[in-house]
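**Student:** Sharing a structure below in structure tokens format, with a few things to ask.
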Amino acid sequence: MHSSFFSYGSGFTSLSSARLRRALVPFAAAVALLGTAGTSVAGAVEACGSVITAPLARPVAADDPCPSTDPVVCRIRVLPMDEKVEAQRTRMRYHGLLEDMHRTEAAMREAGFTDEEIARELVDMRNQAKEITRAGMSPEEVRVLEERNIAKYGNPLGPTADQLYAKYGSWQKVIDASMRTSYAVDRELSLEYRPCPV
């Protein structure tokens with residue numbers, strides 16, 4: 001995985017660095033082990049993370065009516081096959097970043113951080129994850145995503161932690177929302193995201 005996938009920096013800096021080091025040293029060691037041990041265990045347990053569910057659908061004609069209200073899904077449907085394959089790979093990297101978020105939540109809970117602190121860090125990580133994964137997209141694909149988010153949230157990356165708190169009314173619900181993925185987009189790319197145990 002690209003090293004930038006782990007460079008989320010900014011959110012934790014205002015929190016207790018001693019608490020953080022105690023929590024993240026074993027976490028970092030576990031992540032390092034995943035790279036070597038994960039493949040040998042994969043056959044023994046049910047697949048988790050980003051799972052390919054079927055072959056990618058062939059592209060449809062641009063004038064074919066789109067059955068989805070999601071402009072991202074409509075865009076994916078008409079992509080040439082090579083771009084659709086790359087979009088699937090990008091989505092799989094995004095799912096990998098969601099896995100990082102699940103591990104970060106577990107490490108922060110172990111270190112005694114509050115729900116609000118965890119929620120703010122995870123929303124920040126999610127927004128950084130979007131920036132990372134969009135680096136592999138075409139300008140047109142990025143434009144569609146950003147226009148949708150500006151229309152919904154007034155922010156090209158999506159909702160802020162405070163917007164999510166105003167919507168859901170609890171920091172735990174913000175945590176849950178920050179780690180959701182679009183089922184419609186995943187399905188269009190023949191993927192399913194299944195969180196791995198932490």
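The values are calculated or read from the model by the stated rules, or taken from the named source; none is laboratory data. All values reported here derive from a predicted model rather than from experimental measurement. With ideal geometry, Cβ positions are generated from the backbone for all residues, glycine too; neighbour counts draw on all protein chains shown. Heavy atoms of the whole protein, side chains included, go into the accessibility calculation; ligands, DNA and RNA do not. Shrake-Rupley method; radii C 1.70, N 1.55, O 1.52, S 1.80 Å.
**Student:** Do you know which residues across the range 62-88 are open to solvent by 30 Å² or more (accessible area, probe 1.4 Å) and of a type in the set (Gly, Ala, Ser)?
**Tutor:** Ala62, Ser68
Residues are listed down the side, and each one gets a yes or a no for (1) at pLDDT below 50; (2) closer than 30 Å to Glu146 by Cα; (3) not in a helix (DSSP H, G or I):
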| residue | (1), (2), (3) |
| --- | --- |
| Ala37 | yes, no, no |
| Ser40 | yes, no, no |
| Pro55 | no, yes, yes |
| Ala62 | no, yes, yes |
| Pro65 | no, yes, yes |
| Ala87 | no, yes, no |
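**Student:** A follow-up question, please. So in the range 157-182, with the set limited to residues that are open to solvent by 50 Å² or more (accessible area, probe 1.4 Å) and within 20 Å of Leu97 (Cβ to Cβ), which one is modelled with the highest pLDDT?
**Tutor:** Only one residue tops the list, namely Asp176.
**Student:** Still on this structure: Take the range 125-141 and flag every residue that is open to solvent by less than 30 Å² (accessible area, probe 1.4 Å) and among the hydrophobic types (A, V, I, L, M, F, W, C).
**Tutor:** Listed by number, the residues that qualify are Met125, Ala129.
**Student:** Another one. Could you say whether any residue in the range 11-19 is among the polar types (S, T, N, Q), surrounded by 12 or more Cβ atoms within 10 Å (Cβ to Cβ) and modelled with pLDDT of 90 or more?
**Tutor:** No.
**Student:** Thr114 versus (1) at pLDDT 95 or above; (2) farther than 25 Å from Tyr165 by Cβ: which is the lone unmet condition?
**Tutor:** Single failed check for Thr114: (2).
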